[in-house]
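Please read the structure below before turning to the comments.
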Amino acid sequence: MSNKERPTRRAALLGDRPGSYAIARHVRMSPMKVRRVVDLVRGLPVTDALNVLKFAPQAASEPVYKVVASATANAESTEGLRAEELFVSQAFVDEGMTLRRIRPRAKGSASRILKRASHITVVVEPKSEMGA
């Protein structure tokens, strides 16, 4: 597939709709643990999502908070949208690079330890687009 046939990331995530997105790559947390936090904020208004993340006890809430705040700032600066109008339309976590480490075990054997990383993507759109 040539480069001209592939849609841009913005076109794939938003299409023609107004809004913005942010991606955090290589976050050193397991995708399964980060997905628990991302599921809390999907579909919420941005102000509510930031409040939920601020007080969530999970360690993954900090990088997710940063991505939601970044997507909001991107929408304010590039699209001229206000934070009060935005909601989290899409939020998903993909698996990043896995570091393989070795733990020595009994009788000279070894076990493999997988240190996983995540890619966090958050898309924010105006609430008027929610019904459409």
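Values quoted throughout were computed directly from the atomic coordinates according to the rules given, and no laboratory measurement underlies them. Since the model is a prediction, treat every value here as computed from it, not as a measurement. All Cβ positions, even for glycine, are placed from backbone atoms using ideal geometry, and neighbour counts span all protein chains on display.
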Study note, to complete from the structure: Candidates 31, 104, 57; GNM for the chain (alpha-carbon contacts under 10 Å) flags as most fluctuating 104
Point to revise | Matching label, Rg and Dmax of the Cα atoms in Å computed from the structure shown, candidates (i) 16.5, 52; (ii) 17.0, 58; (iii) 17.9, 64 | key: (iii)
Point to revise | Rounded to 10°, Cα long-axis angle of helix 61-74 versus longest principal axis of the chain | key: 30 degrees
Review point. Which of 48, 94, 16 moves most in a GNM of the chain, Cα contacts under 10 Å?
Key: 16
Check your understanding: Normalised by the residues of segment 1-121, what does the relative contact order come to in percent, with Cα pairs under 8 Å and at least six apart?
Key -> 35 percent
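Could you size up the charge dipole of the chain around its Cα centre, putting +1 on the beta carbon of Lys and Arg and -1 on that of Asp and Glu, and report it in debye to the nearest 20?
On the way: 23 positive and 13 negative charges, 289 e Å.
Rounded to the nearest 20 debye, it is 1380 debye.
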Study note, to complete from the structure: For the chain, the charge dipole (Cβ of Lys, Arg +1; Cβ of Asp, Glu -1; about the Cα centre) points to a positive end, and the Cα of 32, 92, 20 closest to that extreme belongs to 32
Practice item. Quick one: of 4/33; 33/107; 66/127, which pairs are farther than 31 Å apart, Cα to Cα? Key: 4/33; 33/107
Review point. Nearest 10 degrees, 0 to 90: what angle lies between the long axis of helix 31-41 and the longest principal axis of the chain (Cα atoms)?
Key: 30 degrees
Review point. Is any residue of segment 14-34 close enough, with backbone N under 11 Å, to a label point placed 7 angstrom from the Cα of residue 95 along the Cα-Cβ axis, and if so, which?
Key: 31-32
